[in-house]
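Read-outs: derived from the displayed coordinates by stated rules, not from any lab. Keep in mind that this is a model prediction, so the values were computed, not measured. Note that each Cβ is placed from the backbone with ideal geometry, even for glycine, and that neighbours are counted across all protein chains shown.
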Amino acid sequence: MLHTKKWFGGSTLLTLALLILAACGTPATPTDTSGAAASAAPASAALAASAAATTGNKLEIFSWWTNGGEATGLEEMFKVYKQQNPDVEIINATVSGGAGTNAKTVLVTRMQGGQPPDSFQVHAGQELIGTWVVADKMEPLTQFFKDEGLDKVMPKLLLDQITYNGEIYSVPVNIHRSNMLWYNKKVFDEAGLQPPKTIDEFYTVAEALKAKGITPLAVGGKDKFETPHLFESILLATFGPQDYTNLFQDPTAFADPRMGTAIETLSRMLSYANTDRSSLSWADAAQLVLDGKAGMTIMGDWAHGYFLSKGATPNVEYGYAPAPGTDGIFMWLSDSFGLPKGAPDRENALAWLRVAGSKEGQDAFNPKKGSIPARTDADKSLYDEYLQSSIDAFATNTLAPSVVHGAAANEAFMTAYGNALNVFSADLDIETLTQSLVDSAAELTQ
Ligand code: GAL
């Protein structure tokens, strides 16, 4: 039985309706892997189409990596897999929608229906443990970690996030930084602007961009995680790393007066953003920055992977800085792959996890993905200047877990928090958001 309480626990009807709508919006069904891949990048769709036609030696990998950078990185890892397993056909079962908004709904349906993929993308932390491990849906990988020596090359922080009752449950492939600001270099240079270090500086820069007729801040909304994502950086800036992290341990903290400050900040920041955000994805928002139509966007460093996939170079076409007010803090999240119980091609899945955990796999994937390797022994020379700076920041900054990307809190809270912020992105009603956030905190104890 799937542990549905964690997933839907205490959720509102609105939450359910949104989840069902999200599921309806995707072409995938539990058995329809070709449909699942139909939303993928063309190369992936071709792979899937050929694989779906066979019943032979297969490997179905489920993820939401369909945009430039993330899809490119995945293809690199597939190449490594194919070199080592030339007879296995890979089914690239992607469901588009940033942060897995759609994919996670489809995955629940498949897992409930006893149709797991061979391996699936899952965030290390609460998303893995609270949703799947507690529900007894995953195979432990502790022995696998020992055999592969992975327990020796992954940071303790990560190992803790994938361990439950002494057993390890997934293979982290990367570490992303959530709290990043990306800006158009030419626009900033021509206007004599520097990336804002504080929230107040953000407003000054935004005014200067506005005066030039450029949208100051590009924000998406189509994938239903973009405003929640922006808000987690604002929460981090407002509360600081310790109190931000405590928010998800102590539900009463949501009534802290600083929450009001954070909401006011979000409201003011959104007043500088594009109003068509509900129809734009995070990647569309990044593209606005690349095109110089918007000055800045606040997004995880998969945006770096996206820019690279468009042929852009850091510090040439675009610049980067920590999100305002979060210098010295690294808000982290990690993508990992697990082994669901009942994986149809278990041996092939284990071979996949071997690639995902290997130095070769991670060094092929991460330079394109825009993330740093989960392994501590990766070849730094393969990483560009942004990623090298991120490797250093991860080692020296204060760390804080991302809430939107599964590290800080359970999925039921995340859904309620996400809904509250998405409603706000449209109606900008401060009172409703304040109350919805307090209500969402009740999910933390479910
Ligand atoms: C995150 C995920 C990243 C990236 C991003 C946008 O949740 O960890 O790898 O894919 O969503 O889709």
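Some notes on this structure:
- The alpha carbon radius of gyration of the range 168-265, expressed as a multiple of 2.2 N^0.38 Å, is 1.31.
- Based on Cα contacts under 8 Å between residues 6+ apart, the chain shows a relative contact order of 26 percent.
- Our analysis of the range 56-149 gives Rg over Rh at 0.97, with the two radii drawn from alpha carbon positions and Rh computed by the Kirkwood formula.
- Too-long pairs where the Cα-Cα distance tops 18 Å, listed order kept, from Lys146/Lys341; Lys186/Lys210; Lys310/Lys369; Lys58/Lys82; Lys82/Lys359; Lys82/Lys104: Lys146/Lys341; Lys82/Lys104
- Three-way shape call for the range 305-446 based on the alpha-carbon gyration tensor, with the a/c threshold at 1.5: oblate
- Viscosity 1.002 mPa s, 20 °C: Kirkwood-radius Stokes-Einstein D of the range 222-271 over Cα pairs, µm²/s: 190 µm²/s
- Magnitude of the charge dipole, the chain, Cβ model with Lys/Arg +1 and Asp/Glu -1, debye to 20: 400 debye
- Rounded if a/c under 1.5, otherwise prolate or oblate - the range 266-333, Cα gyration tensor axes: oblate
- When DSSP beta bridges are restricted to pairs lying wholly in the chain, around 60% turn out antiparallel.
- Three-way shape call for the range 209-310 based on the alpha-carbon gyration tensor, with the a/c threshold at 1.5: prolate
- Cα long-axis angle, helix 199-211 against the chain (0 to 90 degrees, to the nearest 10): 80 degrees
- Asp243/Asn165 FRET efficiency (R0 30 Å; Cβ-Cβ; nearest 0.05): 0.55
- Residue-averaged 222 nm ellipticity for the chain, from DSSP H runs of 4+ at -39500 (n - 2.57), nearest 500: -14500 deg cm²/dmol
- Dimensions of the chain from C-alpha coordinates, computed as largest minus smallest value along each principal axis and given longest first, are 61, 46, 39 Å.
- Stretching Ala426 away from Asp200 to a fully extended chain increases their span by 79.0 nm, per 0.36 nm per residue minus the current alpha-carbon distance.
- Dipole magnitude (debye, nearest 20) for the range 129-172, charges at Cβ of Lys, Arg, Asp, Glu: 120 debye
- Kirkwood-type radius of the range 278-385, with distances r between different C-alpha atoms, in Å: 16.1 Å
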